[in-house]
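This report refers to the structure that appears directly beneath it.
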Amino acid sequence: MMRVGFAGLGIMGRGMVKNLAAKGFPVRVWNRTASAAEGLGVKVEVAPTPKALAESADVVITCVADPAAVERVVFADDGVLAGARPGLRYVECSTVSPELARRTAQAFEAHGCAMIEAPVTGSKLGAERGTLLFMAGGPAALVAELEPLLLAMGTRVIHCGPNGQAALMKLVGNGLVSFMLEGLCEGLIVARKGGLSARTVLDVVAASGFASPYFTFKGDAIVRRDFDPHFSIDLLIKDQSLLLAEAADQHTPLPGLAAIREVFQAARAQGLGDEDIAAVVKSLERMAGLGEPSNEA
Ligand SMILES: NC(=O)c1ccc[n+]([C@@H]2O[C@H](COP(=O)([O-])OP(=O)(O)OC[C@H]3O[C@@H](n4cnc5c(N)ncnc54)[C@H](OP(=O)(O)O)[C@@H]3O)[C@@H](O)[C@H]2O)c1
């Protein structure tokens, strides 16, 4: 079994580590806030730095918030690269820019190591249940070599191309999620003001040709007013901004996404940044002059 070093014990990393440990991989972890390793519920060692993590592992997996966090984990004086010896494998599961994924891969190659990117979809429950979908980027042979490791945390790996292509795919996916969620919220609000119940809207959508498990999942959370974070508004804005920057570099206008990002930015300005992305409905309700549904006549 490969010795795994895992950096990042946030919503996603915790579930991924538990699945790796449950499937017998020896795992060492590092997290910026060390106390996150407490209460994981599985036996893992804690490394003092990402460098120490790399020194004792065959493969290092990172799943942290954003590009700045990856820069810290990989490129800092006590980062993964500082502890990387030739032959180390590195797997980037964080959602970052294609440019950072390519630059990180080049840095590992310069150290005689090899990297794939493997951003994920499936959110908190997918990480906990080991049902994530991995979008992989990098050399096909290396993706194939590391696939059994990824499948300890998920159910499918789709190879998207060289490093950078999976990052782009992941951002495209979160652009789509932005449209779906914002559209669902607008529909629920205009329906509510018109006297149509949210349950009726969701039942009809679920039975329709435009049904989606995503509408069912997030629609149900909105009806229950359950905004416990699976994926935070802060992180979705990060991904919208990365996709808009990528598009700007291509001279590709994304007018719809640009407008939708403003809706999420308004939610963040109202203090909802660390709530689940479904909480954007609260911001749209305020714009529409609506209170919490329970307070409505
Ligand atoms: N949640 C989802 O549904 C989902 C789905 C697919 C992909 N993703 C992506 O997966 C990644 C992790 O998401 P998450 O939901 O697990 O995020 P999260 O719960 O907010 O956790 C963020 C993690 O990043 C660490 N971190 C933040 N800034 C850092 C820095 N400057 N240096 C070092 N570590 C830093 C945090 O450490 P501390 O504990 O010290 O704060 C924590 O371990 C993100 O790129 C996200 O876009 C998330």
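The values are calculated or read from the model by the stated rules, or taken from the named source; none is laboratory data. What you see is a predicted model, and the numbers here were worked out from it, not measured in a lab. Reconstructed Cβ throughout: ideal geometry from the backbone, glycine too, with neighbour counts over all protein chains shown. The accessibility values were calculated without ligands, DNA or RNA, using every heavy atom of the protein model including side chains. Shrake-Rupley method; radii C 1.70, N 1.55, O 1.52, S 1.80 Å.
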> What number goes with the only condition from (1) within 29 Å of Ala166 (Cβ to Cβ); (2) out of contact with any Ser or Thr (no Cβ under 6 Å at 6 or more places or on another chain); (3) touching a residue at least 24 places away in the same chain (Cβ under 8 Å) that Glu285 does not pass?
Replying inline: (1)
>> Can you go through Arg72, Arg85 and tell me which one is out of contact with any Leu (no Cβ under 9 Å at 6 or more places or on another chain), within 30 Å of Val172 (Cα to Cα), surrounded by fewer than 18 Cβ atoms within 10 Å (Cβ to Cβ) and not small (Gly, Ala, Ser)?
In response: Arg72
> Hey, any hits in region 174-193 for a residue that's outside any helix (DSSP H, G or I) and either closer than 30 Å to Ala65 by Cβ or without any contact (Cβ under 8 Å) to a residue 60 or more places away in the chain (or both)?
Replying inline: no
> Residue check: is Ser35 more than 11 Å from the ligand (Cβ to nearest atom), more than 17 Å from the chain's Cα centre (by Cα) and among the hydroxyl-bearing types (Ser, Thr, Tyr)?
Replying inline: no
>> Which pairs turn up if I take residues in region 100-122 that are of a type in the set (Phe, Trp, Tyr) and look for partners that are open to solvent by less than 10 Å² (accessible area, probe 1.4 Å) and modelled with pLDDT of 95 or more with beta carbon separation below 9 Å, at least 6 apart in sequence or on another chain?
In response: Phe108/Val74; Phe108/Val80; Phe108/Leu88; Phe108/Tyr90; Phe108/Met115
> Looking at this structure, is Asp239 among the charged types (D, E, K, R) and within 14 Å of the ligand (Cβ to nearest atom)?
Replying inline: yes
> Within region 38-58, which residues are free of Cβ contacts under 8 Å to residues at least 24 places away in the same chain and either of a type outside the set (Lys, Arg) or surrounded by 15 or more Cβ atoms within 10 Å (Cβ to Cβ) (or both)?
Replying inline: Glu38, Gly39, Gly41, Glu45, Val46, Pro48
> Do any residues in region 59-75 that are farther than 20 Å from Met153 by Cα and within 8 Å of the ligand (Cβ to nearest atom) have Cβ atoms under 7 Å from those of residues that are basic (Lys, Arg) and modelled with pLDDT of 95 or more, where the two are at least six apart or on different chains, and which pairs are they?
Replying inline: Asp66/Lys238
>> All but one of (1) β-branched (Val, Ile, Thr); (2) in contact (Cβ under 8 Å) with a residue 60 or more places away in the chain; (3) over 15 Å from Val59 (Cβ atoms) hold for Thr131; state the number of the condition that does not hold.
In response: (2)
> List, please: which pairs have Cβ atoms under 6 Å, are six or more places apart or on different chains, and start with a residue in region 218-241 that is more than 16 Å from Met180 (Cα to Cα) and in contact (Cβ under 8 Å) with a residue 12 or more places away in the chain and end with one that is open to solvent by less than 10 Å² (accessible area, probe 1.4 Å) and outside any helix (DSSP H, G or I)?
Replying inline: Phe227/Asp276; Pro229/Asp276; His230/Asp276; Asp234/Gly273
> Does Val27 qualify as being more than 10 Å from the ligand (Cβ to nearest atom), open to solvent by less than 30 Å² (accessible area, probe 1.4 Å) and in contact with a helix residue (DSSP H, G or I) (Cβ under 6 Å, 6 or more places away or on another chain)?
Replying inline: yes
>> Could you check region 251-284 and list, in sequence order, the residues that are in contact with a Phe, Trp or Tyr (Cβ under 7 Å, 6 or more places away or on another chain), more than 20 Å from Ile11 (Cα to Cα) and buried (at least 20 other Cβ atoms within 10 Å of the Cβ)?
In response: Ile260
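Residue by residue, here is whether (1) surrounded by fewer than 17 Cβ atoms within 10 Å (Cβ to Cβ); (2) in contact with a strand residue (DSSP E or B) (Cβ under 8 Å, 6 or more places away or on another chain) holds:
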| residue | (1), (2) |
| --- | --- |
| Cys185 | no, no |
| Ala191 | yes, no |
| Ala206 | yes, no |
| Pro213 | yes, no |
| Ser232 | no, yes |
| Ile237 | no, no |
